[in-house]
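**Q** First, the structure itself, so that you have it in front of you.
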Amino acid sequence: MNDRDKQLREAAYKEVEKHKATVEEDPFRLGYHLMPPVGLLNDPNGFIQFNGVYHLFYQWNPFSTGHGAKFWGHYTSEDLVHWEHHEIALAPSDWFDKNGCYSGSAIEHDGKMYLFYTGNVKDENNQRESYQVLVESRDGYTFEKKGVVVELPDDYTAHFRDPKVWKHGEYYYMVVGAQSKELTGKVALLRSIDLYEWEHLGAIAGADMGSLEDFGYMWECPDLFELDGEDVFIFSPQGIEADGILYNNIYQAGYFIGKMDYENVRYNHGEFIEMDRGFEFYAPQTTLDDKGRRILFGWLGIPEEREEDHPTIEHKWIHAMTLPRELRVRDGKLLQLPVDELKKLRRDEVSYPDVVLNETEQAFVGIEGERLEFELELEKQPSGPITIELRNHASIIYSPENKRFTLSRISFVDGKTIEERHCQLEELRNFRVFLDSSTIEIFINDGEEVFTARIYPDIEEKSITFKSGQAASVQLRGWMLY
Ligand code: FRU
């Protein structure tokens, strides 16, 4: 560890101490989601299960609630529910990462944990440089930077970042999010036998490749993995225009289903599908655990989407991680469900097996408050719209007439405007809602669609009410979560 590293770490810990009370006093602090101790958290990084323990790192700016020279913060857990916060894993202390230890991934090799990340550098003329850096860890808690292992290949601008590494056959492969010299989004593939020497094989997918035409100017945070017999590619493209109810956030996160052709260095894929229909979701990353599950964390935030207006900023922190989600592929679609372990948080179960919703708003004892889960199951398709009002601030609406599921909330920018996000849903069979002080996650039809968002209701508002335009028979269950 160099002197600069020590100084940066000390300064970061000082910042945590200085603002601890202010941060902790925030009523919008979350009960069961991962957050930064102070400052700004963004992408999940280096997600891995190592020696039986889940490690999740995160992009962290300790010094302000804006973006800057990122550190890697570090959490671990044995069950994906209870997490321990650790010492800083990486600080932007070297010439090759002085403007940020940007996003990356983890892999195990010969009993050691290896991290790959992007060293972000701005030179004296504010020109960007990008280096892919290797880090070694014997124990998973102390880290040694091994230096730059990938220099920028010729074909791209310096928007070349977020390495995700996996093993296939005898080789290690790395995908990197990239921008071509024509300023189009691409994903680059590299190959190595030993994790140190890397060969650039070329772009495997991108705008103007295969069936894809114009598809944004930069692809961030790529992740490619095999699941249920398909090769799934997750990424966060920038520069996609809104199209009706699609792509309504500034940047998207979504996936293709396809086949990775290692021989011809091509990823052949179907159409792009947004992973989340809510307001805040970006830069997700997955890992495979020892139960064979593909688990995903996303950033419960979006870059440059009115970040400075989140009310938590007054309390010196911003953003969180989503809940961990287990992925599956069914009928060409990615399903996402909260990992089973989250059921450990359930307390005080209430069950209403025979509810008839009608035009009168109904509340149910035990289904109200700030930190809870509830689940609604329909016996048959409703004939009128179902509406759930949440804490007088957000609402969930399913309209069978136009087969549309909607999440609306009051904007945190002006505290007045009602904003909506939608998805098309042929039928509504069930959904689960997780509320945690200032977040909402909705999992519809066993994970077919997900909505994730921040919400900032009045602290005193705890009520949740249900109604339906036409009588609808439903089953309701609910739990406090802690
Ligand atoms: C995505 C991203 C990555 C980058 C990191 C910097 O949110 O922009 O592309 O590595 O955040 O914090």
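**Q** Pairs only if they're at least six apart or on different chains, beta carbon under 6 angstrom, first in the stretch 240-254 and on the phi > 0 side of the Ramachandran plot, second in a loop (DSSP other than H, G, I, E, B) and among the acidic types (Asp, Glu); list them, first residue then second.
**A** The qualifying pairs do not exist here.
**Q** Pick from Gly258, Gly278, Gly301: which is surrounded by 17 or more Cβ atoms within 10 Å (Cβ to Cβ), within 14 Å of the ligand (Cβ to nearest atom) and not β-branched (Val, Ile, Thr)?
**A** From the options Gly258, Gly278, Gly301, the qualifying one is Gly301.
**Q** Taking Leu428 as the residue in question, decide whether it is crowded, with 18+ Cβ neighbours inside 10 Å, farther than 20 Å from Trp299 by Cα and not polar (S, T, N, Q).
**A** yes
**Q** Only one of Tyr131, Tyr75, Tyr117 is under 22 Å from the mean Cα position of the chain (by Cα), at negative phi and either within 16 Å of the ligand (Cβ to nearest atom) or modelled with pLDDT under 95 (or both); which?
**A** Tyr117
**Q** Here's a follow-up. Please go through the stretch 218-229 and give me each residue that is closer than 21 Å to Ile48 by Cα and assigned to a strand (DSSP E or B), ordered by number.
**A** Of everything in the stretch 218-229, those that are closer than 21 Å to Ile48 by Cα and assigned to a strand (DSSP E or B) turn out to be Glu220, Cys221, Pro222, Asp223, Leu224, Phe225, Glu226, Leu227.
**Q** Restricting the search to the stretch 180-191, which residues are without any contact (Cβ under 8 Å) to a residue 40 or more places away in the chain and either of a type outside the set (Lys, Arg) or out of contact with any Leu (no Cβ under 7 Å at 6 or more places or on another chain) (or both)?
**A** The answer is Ser180, Lys181, Glu182, Leu183, Thr184, Lys186, Ala188.
**Q** Right, here's the next one. Which residue out of Val365, Val356, Val350 is modelled with pLDDT of 95 or more, in a loop (DSSP other than H, G, I, E, B) and surrounded by fewer than 17 Cβ atoms within 10 Å (Cβ to Cβ)?
**A** Step by step, each of Val365, Val356, Val350 is checked, and only Val365 is modelled with pLDDT of 95 or more, in a loop (DSSP other than H, G, I, E, B) and surrounded by fewer than 17 Cβ atoms within 10 Å (Cβ to Cβ).
**Q** Would you be able to tell me the number of residues in the stretch 372-388 that are buried (at least 19 other Cβ atoms within 10 Å of the Cβ) and within 26 Å of the chain's Cα centre (by Cα)?
**A** 5
**Q** Right, next: Can we say Ser130 is crowded, with 19+ Cβ neighbours inside 10 Å and touching a residue at least 60 places away in the same chain (Cβ under 8 Å)?
**A** no
**Q** Can you name the number of the only condition in (1) surrounded by 21 or more Cβ atoms within 10 Å (Cβ to Cβ); (2) under 22 Å from Tyr352 (Cβ atoms) that Ala471 fails?
**A** So the condition that Ala471 fails would be (1).
**Q** Sticking with this one: Exactly one of these conditions fails for Asp3: (1) more than 19 Å from Gly301 (Cβ to Cβ); (2) in contact (Cβ under 8 Å) with a residue 12 or more places away in the chain. Give me its number.
**A** (2)
**Q** Turning to a different aspect of this structure: How many residues does the stretch 236-254 hold that are within 16 Å of the ligand (Cβ to nearest atom) and either out of contact with any Cys (no Cβ under 6 Å at 6 or more places or on another chain) or not in a strand (DSSP E or B) (or both)?
**A** Residues flagged as within 16 Å of the ligand (Cβ to nearest atom) and either out of contact with any Cys (no Cβ under 6 Å at 6 or more places or on another chain) or not in a strand (DSSP E or B) (or both) within the stretch 236-254 amount to 10.
**Q** Do we find that Ala453 is touching a residue at least 40 places away in the same chain (Cβ under 8 Å), under 15 Å from Arg421 (Cβ atoms) and hydrophobic (A, V, I, L, M, F, W, C) in this structure?
**A** When the stated conditions are applied, Ala453 passes them.
**Q** Specify the residue that is nearest to Asn249 (Cα to Cα); the eligible residues are those in the stretch 281-293 that are part of a loop (DSSP other than H, G, I, E, B) and more than 15 Å from the ligand (Cβ to nearest atom).
**A** Arg293
**Q** If you don't mind, there's one more thing I want to ask. Within the stretch 134-156, which residues are under 18 Å from Arg4 (Cβ atoms) and either within 13 Å of the ligand (Cβ to nearest atom) or touching a Phe, Trp or Tyr at 6+ places or on another chain (Cβ under 9 Å) (or both)?
**A** Val135, Phe143, Lys145, Lys146, Gly147, Val148
**Q** Can you tell me how many residues in the stretch 190-209 are surrounded by 15 or more Cβ atoms within 10 Å (Cβ to Cβ) and on the phi > 0 side of the Ramachandran plot?
**A** Within the stretch 190-209, residues that are surrounded by 15 or more Cβ atoms within 10 Å (Cβ to Cβ) and on the phi > 0 side of the Ramachandran plot number 2.
**Q** When you go through (1) within 20 Å of the chain's Cα centre (by Cα); (2) away from the ligand (no atom under 11 Å from the Cβ) one by one for Gly68, which number turns out not to apply?
**A** Checking Gly68 against (1) within 20 Å of the chain's Cα centre (by Cα); (2) away from the ligand (no atom under 11 Å from the Cβ), the one that fails is (2).
Listed here are the residues, each with its yes/no results for (1) under 25 Å from Arg330 (Cα atoms); (2) part of a strand (DSSP E or B); (3) in contact with a Lys or Arg (Cβ under 7 Å, 6 or more places away or on another chain); (4) at pLDDT below 95.
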site: Arg191; (1), (2), (3), (4): no, yes, no, no
site: Tyr196; (1), (2), (3), (4): no, no, no, no
site: Gly202; (1), (2), (3), (4): no, yes, no, no
site: Asp208; (1), (2), (3), (4): no, no, no, yes
site: Gly216; (1), (2), (3), (4): no, no, no, no
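**Q** Sticking with this one: Quick one: would you say His109 is within 17 Å of Leu288 (Cβ to Cβ), more than 15 Å from the ligand (Cβ to nearest atom) and in contact (Cβ under 8 Å) with a residue 12 or more places away in the chain?
**A** yes
**Q** I would also like to ask the following. Would you please name the residue that is farthest from Asp94 (Cα to Cα), looking only at residues in the stretch 30-65 that are β-branched (Val, Ile, Thr) and more than 14 Å from the ligand (Cβ to nearest atom)?
**A** Val53
**Q** Exactly one condition in (1) surrounded by fewer than 23 Cβ atoms within 10 Å (Cβ to Cβ); (2) within 15 Å of the ligand (Cβ to nearest atom) is false for Ala320; which is it?
**A** Among (1) surrounded by fewer than 23 Cβ atoms within 10 Å (Cβ to Cβ); (2) within 15 Å of the ligand (Cβ to nearest atom), the lone unmet condition for Ala320 is (1).
The values are calculated or read from the model by the stated rules, or taken from the named source; none is laboratory data. The structure displayed is predicted, hence computed values, not measured ones. All Cβ positions, glycine included, derive from the backbone under ideal geometry; neighbour counts span all protein chains shown.
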